[in-house]
Amino acid sequence: MKTLAELEAIRERMRGKVAVREASDNTIRIVVGMATCGIAAGARPVLNAVAEEVSNQGLSENVTVTQTGCIGLCQYEPIVEVYQQGKEKVTYVKMDADKAKKVVEQHIKGGKVVAEYTITNYKK
């Protein structure tokens, strides 16, 4: 069994690695759908990839990564939504870890929506 001090050390170490935090006054919020349908479709690796890439790109101060329950679009899971102050919400669908990293690089860091992954451009 781990001691309380060991558990606290693990917690602090993981906080530095994972950018999943509670919402704050940050300018960009990334939300990953983590309901049963999202998890079954692969949302957990997407969430991990988003959080890791936000951290790797040094964006943790201005970006919050959170999870939510059902978004209501099960057929499009895994879903990632990006909220920026003063801009319309962007909904990315059928995501995977590689697509998630590209979204962080191009959209979150670069400011350009990755149109081919959005719900409006999704082709069945």
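Working ranking of peptides 107-114, 39-46, 6-13 by packing, defined as the average number of other Cβ atoms within 10 Å per residue, highest first, is 39-46, 107-114, 6-13.
Are there GluC sites (Glu not before Pro) in the range 25-66 that DSSP puts in a loop and that have at most 15 other Cβ atoms within 10 Å, and which ones? Let's see the in-between values first.
On the way: sites: 52, 53, 61; in loops: 61.
When the GluC sites (Glu not before Pro) of the range 25-66 are filtered for loop state and at most 15 Cβ neighbours within 10 Å, 61 remain.
Across q = 0.18 Å⁻¹, the chain modelled as identical point scatterers on its alpha-carbon atoms has Debye log10 I(q)/I(0) values of -0.91, in the order of the q list. Close Lys pairs in the range 4-121, defined as Cα atoms under 25 Å apart and 8 or more places apart or on different chains, number 22.
Just flag the chymotrypsin sites (Phe, Trp or Tyr not before Pro) in the range 29-124 sitting in loop per DSSP whose Cβ has no more than 14 other Cβ atoms within 10 Å. If you can, show how the numbers build up before the last one.
Values: sites: 76, 83, 92, 117, 122; in loops: 122.
Answer in residue order: 122.
Per-residue ellipticity at 222 nm computed for the chain from its helices equals -10000 deg cm²/dmol, with DSSP H segments shorter than 4 residues left out and the rest contributing -39,500 (n - 2.57). Taking 4.7 Å between C-beta atoms as the pairing limit, the chain has these partnerless cysteines: 70. When you filter the GluC sites (Glu not before Pro) in the range 71-124 for DSSP loop state and at most 16 other Cβ atoms inside 10 Å of their Cβ, you are left with 88.
Rule-based calculations on the coordinates, nothing more; no lab input. Note that this is a predicted model, so its numbers are computed, not measured. Note that we place each Cβ from the backbone using ideal geometry, even for glycine, and neighbour counts take in every protein chain shown.
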